[in-house]
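J.: The structure's right below; bear with me while I get my questions together.
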Amino acid sequence: MSKAAVVVLADTETHGEMGRMLNALELAKEYKESNEEVTLIFDGAGARWVPELEKEDHKLHNHYIAVKDRIAGVCSFCASAFGVKNAVEKSGHKLLDEFDDHPSLKYYIDRGYHVVTF
């Protein structure tokens, strides 16, 4: 059994970036359905995805809902820098700030997680 920390760095601006977001959600779903440990982290421009995915009419909304319970949170610094901090807080996701206001990927690496970025 393996463990994965899926990190979304892709922005929301292009079709290709939406493809990366879908791939991240699909990997998280595959792990979840295999009863293996998985956590999803939104970092960098990826923080912009949370308010988009919260929209019920978004193409990826149902994919997001399927793994919402596996989301560790959103980078605190990046949520502020990209102007989505209030939306993230409204979504109920945790703002991650373990290392210099950013999520600690070392935490996951030290615990044997494979870190996969999209």
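The values are calculated or read from the model by the stated rules, or taken from the named source; none is laboratory data. These numbers come from a predicted model, not from an experiment. Here Cβ is always computed from backbone atoms with ideal geometry, including for glycine, and neighbour counts include all displayed protein chains.
J.: For residue 63, indicate whether it is surrounded by 17 or more Cβ atoms within 10 Å (Cβ to Cβ) and not hydrophobic (A, V, I, L, M, F, W, C). Even if it seems obvious, please write down each step before you answer.
T.: Details: surrounded by 17 or more Cβ atoms within 10 Å (Cβ to Cβ): yes; not hydrophobic (A, V, I, L, M, F, W, C): yes.
Yes, satisfied.
J.: Another question, then. Restricting segment 1-25 to residues that are acidic (Asp, Glu) and surrounded by 16 or more Cβ atoms within 10 Å (Cβ to Cβ), which is farthest from residue 77 (Cα to Cα)? So that I can check it myself, show each step before the final result.
T.: Of the residues in segment 1-25, the ones acidic (Asp, Glu) are 11, 13, 17.
Within this subset, residues satisfying the condition of being surrounded by 16 or more Cβ atoms within 10 Å (Cβ to Cβ) are 11, 17.
Details: 11: 15, 17: 21 Å.
Only one residue tops the list, namely 17.
J.: Still on this structure, please answer the following. Do any residues in segment 93-117 that are of a type in the set (A, V, I, L, M) have Cβ atoms under 7 Å from those of residues that are assigned to a loop (DSSP other than H, G, I, E, B), where the two are at least six apart or on different chains, and which pairs are they?
T.: That search, which allows pairs on different chains as well, returns 96/103.
J.: Among the residues of segment 90-102, are any part of a helix (DSSP H, G or I) and out of contact with any helix residue (DSSP H, G or I) (no Cβ under 6 Å at 6 or more places or on another chain)? Working first, answer last.
T.: Quick first cut of segment 90-102, residues part of a helix (DSSP H, G or I) only: 90-91.
The next check asks that each one be out of contact with any helix residue (DSSP H, G or I) (no Cβ under 6 Å at 6 or more places or on another chain); those that pass are 90.
Yes, the conditions are met somewhere in segment 90-102.
J.: Residue check: is residue 57 under 19 Å from residue 117 (Cα atoms), over 11 Å from the mean Cα position of the chain (by Cα) and surrounded by fewer than 22 Cβ atoms within 10 Å (Cβ to Cβ)? Before the answer, list the steps.
T.: On the way: under 19 Å from residue 117 (Cα atoms): no; over 11 Å from the mean Cα position of the chain (by Cα): yes; surrounded by fewer than 22 Cβ atoms within 10 Å (Cβ to Cβ): yes.
So residue 57 fails the test.
J.: Further question on the same structure: Determine which member of the set 90, 85, 94, 106 is under 21 Å from residue 32 (Cβ atoms), modelled with pLDDT of 95 or more and basic (Lys, Arg).
T.: Exactly one residue qualifies, and that residue is 94.
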